[in-house]
Amino acid sequence: MYYLNEIHLKNFCGYKDSSLSFSHNKKHNPISVFFGPNGEGKSSALQAIRLVSNPYQFFGRENDMFFRKLTFDKNYDPTAEGYVSPKNAMRIDAHYSNINGEIFKSSLDGKGMLSSTLDRYNSDQEGWTLYCDVDHPMNMNKFQLYAKNEELFVELAKMIYGFNVVLDKKVESSWIDKDTNEVIQFYQNFIIQKKDVSVHFRRMSDGEKKIATLLRFLCDEIIFNPSKIILIDNIAMHIYFKRHAMLIDKLTELFPDRQFIATTHSQTVIDYVRDKFGNHCLYDLESIK
């Protein structure tokens, strides 16, 4: 499994020539946080990490049109992208290491994969990052949690929501747990108990649903997905500001072997990460670019 040490972006989206390091004193940052004004490239940096960490998806096919939209240009005219070749040469280079300290590299350019020493695929064939896409309507439409992760989910949910929570509607799947040989079960409903009122998942606000979706991703996908690099866009969005620091604490406490890379607009998150982990875990993209 891999941890990301550094990435270099050349003419990628708004990055003309930028390097970002995700390690300190030969150890990977437990959490790295991008911040800056809207349009400064926070989500673009996460996208670059996703792409270069799954380079084999571009092997053996024409990718010029895909990368054309991601190449830096002083005039972002969407009507020109379909027929005008980029004036600049785009490139992404990343360095990784495993728990033994071995170094691995991966590189992309405007045509696709240049080279990579990463293993071909992980078990999910999604590359070596896990992106928590909690804003996608399909992911918010239905709640489903691996029953084995009940305690972990409830612990996180109680802390974030500030209310008692209940999991409901346990169903059996057609899959067998290879470790226990038992039928895998899932919960398909989640309830927040607000004093004397019970709010079921389908009746929750969009903000409440997004929080539940994020927690489900973290509990389930981290268990099933061997990737060590976890990407979260807008990590504190929809979460009450007094609980932002608690979220960071819980993530790094419950998943100590993972490397979280996140974006935020929360000053609470920024200040807390600076105080607990150090300035090297913060990335002010407005000054970096």
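Counting DSSP beta bridges with both partners in the chain, what percentage is antiparallel, nearest 5?
About 70 percent, rounded to the nearest 5.
Give Lys74/Lys250; Lys26/Lys178; Lys87/Lys289 a once-over and call out the pairs whose C-alpha atoms are over 30 Å from each other.
Lys74/Lys250; Lys26/Lys178
Using only the alpha-carbon atoms, how far is helix 267-277 inclined from the longest principal axis of the chain? Give it as 0 to 90 degrees, nearest 10.
Roughly 80 degrees, rounded to the nearest 10.
Tell me, Val197, Val273, Val134 in order of fewest to most beta-carbon neighbours within 10 Å?
Val197, Val134, Val273
Check cross-link reach from Lys42 to the aspartates and glutamates: straight Cα distance under 17 Å, and skip same-chain residues fewer than eight apart.
Result set, ordered by chain and number: Glu6, Asp17, Asp133, Asp135, Asp233, Asp284, Glu286.
Residue by residue through segment 3-17, which ³J(HN,Hα) values in whole Hz follow from phi under the Karplus form 6.51 cos²θ - 1.76 cosθ + 1.60 (θ = phi - 60°), with glycine and proline marked x?
10, 7, 8, 6, 9, 10, 10, 10, 6, 9, 6, x, 8, 7, 6
Spelling out what I want: for every residue of segment 185-199, take phi, set θ = phi - 60°, compute 6.51 cos²θ - 1.76 cosθ + 1.60 (Karplus), and round to whole Hz; glycine and proline get x.
10, 10, 8, 10, 8, 9, 10, 9, 9, 9, 6, 9, 10, 10, 10
Taking neighbour Cβ counts within 10 Å as the exposure measure, how do Phe58, Phe34 sort from fewest upward?
Ranked by crowding around the Cβ, least crowded first: Phe58, Phe34.
So which lysines pass the test for Lys142, namely a Cα distance under 23 Å, with those fewer than 8 places away in the same chain ruled out?
Candidates past the 8-residue exclusion: Lys158, Lys169, Lys170, Lys194, Lys209, Lys210.
Just from its helices, what would the mean residue ellipticity at 222 nm be for the chain, if runs of 4 or more DSSP H residues each count -39500 (n - 2.57) and the sum is divided by every residue, rounded to the nearest 500 deg cm²/dmol?
Calculated from helices alone, the mean residue ellipticity at 222 nm is -7000 deg cm²/dmol.
Please enumerate, by chain and number, the aspartates and glutamates with C-alpha under 12 Å from the C-alpha of Lys69, excluding those fewer than 8 residues away in the same chain.
Asp77, Glu81
Pick the calculated Rg/Rh (Cα atoms, Kirkwood Rh) for this structure from [x] 1.01; [y] 0.98; [z] 0.94?
This structure yields the entry labelled [y].
Measure nothing but the geometry: give the 0 to 90° angle between the long axis through the Cα atoms of 42-52 and the longest principal axis through the Cα atoms of the chain, rounded to 10°.
Relative to the chain, helix 42-52 is tipped by roughly 80 degrees.
All of the numbers you see were taken from the coordinates with simple rules; none came from a lab. Predicted model, so just to flag it, every value in this text is computed and none were measured. Every residue, glycine as well, gets a Cβ built from its backbone with ideal geometry; the counts of neighbours run over all protein chains shown.
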